[in-house]
Amino acid sequence: MIQYSLKCAEGHTFDSWFQSAEAFDKLAAAGMVSCAVCGGTKVEKAIMAPRVRPARSATGVKDDAQPTTEAPTAPALSTQNAELEQALTEMRRQVEQNSDYVGEDFASEARAMHLGDAPERSIYGEAKPDEAKALIEDGIPVAPLPFMPNRKTN
Ligand SMILES: [Zn+2]
């Protein structure tokens, strides 16, 4: 395994492990190496001194398919958090604008829509883990939000 420090066109730096130098070249040429921050696929090696670690013991598991991204180093972190924060804020704005907040009724509302007992619309709210699990098991499409919704007080 070889670890490369990579840099995207936006200047984000991150580390990723690859099976070999050839594997990196192939993945990069195929646009399959993407920036950990912005997802951009214009990625190049930032440092030409790869560290090498011994291959993991033979478990029969191929681990070269997906490059693993390691935690970015400290200096870049604040920028990355700011960008993440911004993306989350934007996502939250869109959800709150385009969906109805149903609070703790989320599970029953989602189920009612699925059964045709309620008009189809976008909703968001809060579901207990077992409620969410039951919804998914019944084939009702739900997705976790990466933020806690504001409880509307009206
Ligand atoms: Zn980037």
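Once the Cβ-Cβ distance of residue 42 and residue 143 is raised to the sixth power relative to R0 = 30 Å, the FRET efficiency obtained is 0.55. Each residue, residue 99 and residue 113, gets one label point 7 Å from its Cα in the Cβ direction; the gap between the two is 0.8 nm. Its alpha carbons considered, region 87-154 gives a radius of gyration followed by a Dmax of 11.9, 34 Å.
Extension gain for residue 5-residue 26 works out to 5.9 nm (0.36 nm per residue, less the C-alpha to C-alpha distance). Across region 1-54, the fraction of Cα-Cα pairs farther apart than 12 Å, rounded to a whole number, is 59%.
Put a plus charge on the Cβ of each Lys and Arg, a minus charge on the Cβ of each Asp and Glu, and nothing anywhere else: the dipole of region 1-54 about its Cα centre is then about 100 debye.
Laboratory data are not the source of any read-out in this text; all were calculated from the coordinates shown. In this text the structure is predicted, and so the values were computed from the model without any measurement. Don't worry about glycine lacking a Cβ; one is built from the backbone with ideal geometry, like all the others, and counts go over all protein chains shown.
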